[in-house]
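No value in this document is a laboratory result; all are computed from the given coordinates. In this text, all values refer to a predicted model and were calculated from it rather than measured experimentally. Neighbour counts are summed over all protein chains in view; Cβ atoms, including those assigned to glycine, are modelled from backbone coordinates with ideal geometry.
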Amino acid sequence: MKTQVCVIGGGPSGLLLSQLLHLKGIDTVVLEKHSREYVLGRIRAGVLEHGFAKLMREAQCGERMDREGEIHEGFLIAHDGRLDRIDLHGLSGGNSVVVYGQTELTRDLYDARARLKGTVIHDVEDVRLNDLHSGRPSVSYRQGDEVVQIECDYVIGADGFHGVSRKAIPRTVLREYEKLYPFGWLGVLSRTKPVSPELIYARHERGFALCSLRSQVLSRYYIQVPLTDSVDDWADDAFWAELKRRLPDEVAARLLTGPSIEKSIAPLRSFVAEPMRYGRLFLAGDAAHIVPPTGARGLNSAASDIYYLYHAMLAHYQRGDDSGLDGYSAKALARVWKAQRFSWWMTMLLHTFPDRIDYERKLQQTDLDYLLSSEVAQRSLAENYVGLPF
Ligand SMILES: Cc1cc2nc3c(=O)[nH]c(=O)nc-3n(C[C@H](O)[C@H](O)[C@H](O)COP(=O)(O)OP(=O)(O)OC[C@H]3O[C@@H](n4cnc5c(N)ncnc54)[C@H](O)[C@@H]3O)c2cc1C
């Protein structure tokens, strides 16, 4: 089999790039380890920055997002029994975010690939990347007993944190930066009306909590839990009771509870791999970097990689200009690190760290006081939250 761009990973990054390139006449093949149903069953991100939403429209995948997604012009910070609002729209010069679940977004991308008869191959095993430093790299995979080889011009590693692409870069070349946090987020999805039309980030001495949503009938709530906890430790009633304890009384009083339809614990991690290019392999999205979900940067960091790669590929195929491809790693990483800084900062600001000394607790309190009393500090938060320019 032959193609121009072989994309490993059928998550949002891989599908979006494949769709954008296809619309410009560039041939792609997407290889996905799991079935479409499995990929669509993963409950993940929900907040899209305006640049991501624009890219979805450019990929002709924005129709349902624009119809069903919710524009959010602000969010709330709960602390010390009260609520303060961050006016994203006013502070960022008129920008906002779109609340639209990653599941729905991925479904739209799969539907768009199917409409254009794009090649997405599911249930591939044993994916291998070959001859990445030659003019003609290839990717092989196994499906049942059959081994298939795909010859291509370029390979995109969009196969997430646990994928194989990053591992194809020799250890002598790859540098990894990682920070693990001593807690995770226990998330519950419930078919209940959200407690607030805007997200509430709650700082509390018992631990962080987040009231998020996917729509006006679907709520997503999180609480910070020790890494030693498992989902089985948290019956629904225990989850709701703990969430209420971490919210101001007036919010807790109007929280509607119901049976969980999904419950999972995600560890929190910051991670960056450099460089994001090796020969003819380009890494994108979670394959190259991870952030803790505080600040909702994960999926949005993937979007800027895709934007840079898309334009670099266009310049290469349409004008024979390779400067975008050559500069991809440095350009992508410059924005990735800014998203890392912001996610790390929001995580440090809002979580309870079991081993923090009193001096650090005082600094954390001062950081929050400063934020809530300074318009300049809030402008910086808003600028990062709605998304720095690509
Ligand atoms: C539990 C959880 C909650 C999250 N919550 C948020 C949030 O609230 N806000 C936010 O912004 N971000 C969140 N994120 C992060 C966000 O979901 C990711 O940043 C986003 O999914 C990245 O997209 P991606 O396409 O780069 O990677 P992925 O979505 O991981 O997609 C990679 C794809 O590659 C496939 N794959 C893996 N290995 C192979 C292989 N060897 N061969 C072929 N295919 C392979 C995988 O099956 C997968 O479908 C969350 C992540 C997790 C795990």
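Quick notes
- Sorted ascending by nearby beta carbons within 10 Å, beginning with the fewest, M65, M56, M1, M313 become M1, M65, M313, M56.
- Residue separation of Q216 and E375 scaled by 0.36 nm, minus their Cα-Cα distance, works out to 54.2 nm of gained length.
- When +1 charges are put on Lys and Arg Cβ atoms and -1 charges on Asp and Glu Cβ atoms, the dipole computed for the chain relative to its Cα centre reaches about 380 debye.
- Rounded to 10°, Cα long-axis angle of helix 358-373 versus longest principal axis of the chain: 90 degrees
- Fewest neighbouring Cβ atoms within 10 Å first, the residues E104, E176, E49 line up as E176, E104, E49.
- Axis of helix 102-115 versus longest Cα principal axis of the chain: the two differ by about 30°, to the nearest ten degrees.
- The chain: angle of helix 375-386 to the longest principal axis, Cα-based, in degrees nearest 10: 40 degrees
- FRET efficiency for F353 and H133, using Cβ-Cβ distance with R0 set to 35 Å, rounded to 0.05: 0.20
- Charge tally in the Cβ shell below 12 Å around K33, where Lys, Arg are +1 and Asp, Glu are -1, K33 excluded: -3
- Once C-alpha pairs closer than 8 Å and six or more residues apart are averaged by separation and normalised to the residue number of the range 244-390, the relative contact order reads 21 percent.
- Whether the range 270-313 is rounded, prolate or oblate, judged on the alpha carbon gyration tensor where a/c under 1.5 counts as rounded: oblate
- Each Lys or Arg adds one and each Asp or Glu subtracts one; over the other residues with Cβ under 13 Å from the Cβ of K2, this totals -2.
- Annotation: the residues K338, K362, K331, sorted from fewest to most other C-beta atoms within 10 Å of their own C-beta, follow the order K362, K338, K331.
- In the range 264-366, a dipole from Cβ-located charges (positive for Lys and Arg, negative for Asp and Glu) runs towards its positive end, and of F342, L281, Y317 it is F342 whose Cα lies farthest in that direction.
- Orphan Cys of the chain, criterion: no other Cys C-beta under 4.7 Å: C61, C211
- Positive contributions from Lys and Arg (+1) and negative ones from Asp and Glu (-1), summed over other residues with Cβ under 14 Å from the Cβ of L132, come out at +3.
- When only Cα pairs below 8 angstrom with a gap of at least 6 residues are kept, the range 1-156 shows a relative contact order of 32 percent.
- The distance linking the range 219-295 with the range 42-79 is 18 Å (Cα centroid to Cα centroid, whole angstrom).
- Largest first, the extents of the alpha carbon coordinates of the range 174-293 on the three principal axes equal 56, 30, 25 Å.
- Measuring r between the beta carbons of K244 and E176 and using R0 = 35 Å, the FRET efficiency lands at 0.35.
- Taking all Cα pairs closer than 8 Å and separated by 6 or more residues, the relative contact order of the range 79-140 comes to 14 percent.
- Taking amide H atoms as placed 1.01 Å from N in the peptide plane, the amide H of R214 lies under 5 Å from those of S219, R220, each 5 or more residues away in sequence or on another chain.
- Taking the DSSP beta bridges with both ends in the chain, the antiparallel portion is around 75 percent.
- Residue-wise HN-Hα couplings along the range 212-229, as the Karplus relation 6.51 cos²θ - 1.76 cosθ + 1.60 with θ = phi - 60° gives them from phi, are 10, 7, 10, 6, 6, 10, 10, 10, 10, 10, 9, 10, 5, 9, x, 5, 6, 6 Hz; Gly and Pro carry x.
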